Amino acid sequence: MSLETPTQSWLALDAQEAAKQVALGSQIMSTLGEDLTLGHVSVRHECGNLISIKRKGISLAEVGLDDVLVVDLNDPDGLKVPGMHLEALIHTEIYRARPEIGAVIHSHPVYSTALSSTNAKLEYLTHDSVLFHNGIGRYADSADLIMTPQQGQRVAQALGERRAVLLQNHGVVFVGEDIRWAILSAITLERSLKLQMIAGQLGKLNPIPLAEVKKIFPIKYQDKFLTEYWNRWVRELSEYKGSQGTRENR
Ligand SMILES: [Zn+2]
C-alpha cells in the first residue's frame, strides 16, 4: 500500500491548481506521440476525496484549464456528468485502492502498448528500467474497455503496489505520488522499452541483477529531483509546440 519514496506533497490545494496540473500533464503526455482524443490524466486534491480529470472530446495536446472535471470519490454518481471519459473508472478505482496515489494516467503510448500485446516482459537493462524495480503489473482479463467498477477494481488489483500496469492488447496505466511521478513513470517506461528493443537488436540482453536494481533505485529516483524534471518537461513542451507549429506551417 505504499510508494517507497518519501514525498513532499505536490497535491493540489484547490480545483484551479489541480486543473493546471492536469492540463500541463496532458500536454506533456501528448509529446509521447499520442493523438486523437484518447487517453486521460487525473490528479487527486490534497483533501483526498476529490480528483480532477481531463474531459473527453479533445486530445491530450489540447487540454486547457477549462477542460478538467472534478469528481467526488464519495459520490456514487460522481462520474455521471457530461464529458466524462468512458474509462474514468480506471482512475476512481485506483484512487480508492491506493490512498497514497496522487495521479493516474491512462493512455496508449507505442512501446508500452506493444508490450501489452505480447508475453514479453520489461528487462532491467538500464537506469530507466530501475524505476520499475518491483515490476509492472499486467491486467489480462480481456482486451475490452474498462467501463465497470468491477473491471476498474481488477485493474487496481493487477497494478498492486507498482507504478504501471499494462492493459492486455490495449494500453497502460501509470500512477505516482503526484503528477510529476506519474509522468516520470510514463516517459521512463516508454524509454526503457525503446532501449530494450534496440538492445535486443544489438545482441544478447545483459540485465542488471535484481539486487543491484534495488540498490540503484533509491539513489537514482529521489523526490527532490522531480521538480527539476517537471520544470524541464514544461520548457520542453513549448519547444515541442514550436517545432510542431513550424512543421504545420511548411
Ligand atoms: Zn483505453
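Here are some notes:
- Subset of the stretch 59-92 that is within 16 Å of the ligand (Cβ to nearest atom) and not in a helix (DSSP H, G or I) - its residue that is surrounded by the most Cβ atoms within 10 Å (Cβ to Cβ): Ala88
- When the stretch 105-136 is limited to residues that are in a loop (DSSP other than H, G, I, E, B) and within 16 Å of the ligand (Cβ to nearest atom), the one that is nearest to Glu87 (Cα to Cα) turns out to be His108.
- Unique residue being part of a helix (DSSP H, G or I) and surrounded by 20 or more Cβ atoms within 10 Å (Cβ to Cβ) when the list is Ala211, Ala182: Ala182
- Residues located in the stretch 93-126, provided they are hydroxyl-bearing (Ser, Thr, Tyr) and surrounded by fewer than 21 Cβ atoms within 10 Å (Cβ to Cβ): Tyr111, Thr113, Ser117, Thr118, Thr126
- Filtering the stretch 132-142 to residues that are at pLDDT below 95 and within 19 Å of Ala88 (Cβ to Cβ) leaves Asp141, Ser142.
- Checking each residue in the stretch 144-189 for being over 28 Å from Glu17 (Cβ atoms) and within 12 Å of the ligand (Cβ to nearest atom) picks out Asp144, Leu145, Met147, Gln151, Leu166, Leu167, Gln168, Asn169, His170.
- Each residue in the stretch 129-144 was checked for being among the polar types (S, T, N, Q) and buried (at least 22 other Cβ atoms within 10 Å of the Cβ), and 1 pass.
The values are calculated or read from the model by the stated rules, or taken from the named source; none is laboratory data. In this text, all values refer to a predicted model and were calculated from it rather than measured experimentally. All Cβ positions, even for glycine, are placed from backbone atoms using ideal geometry, and neighbour counts span all protein chains on display.
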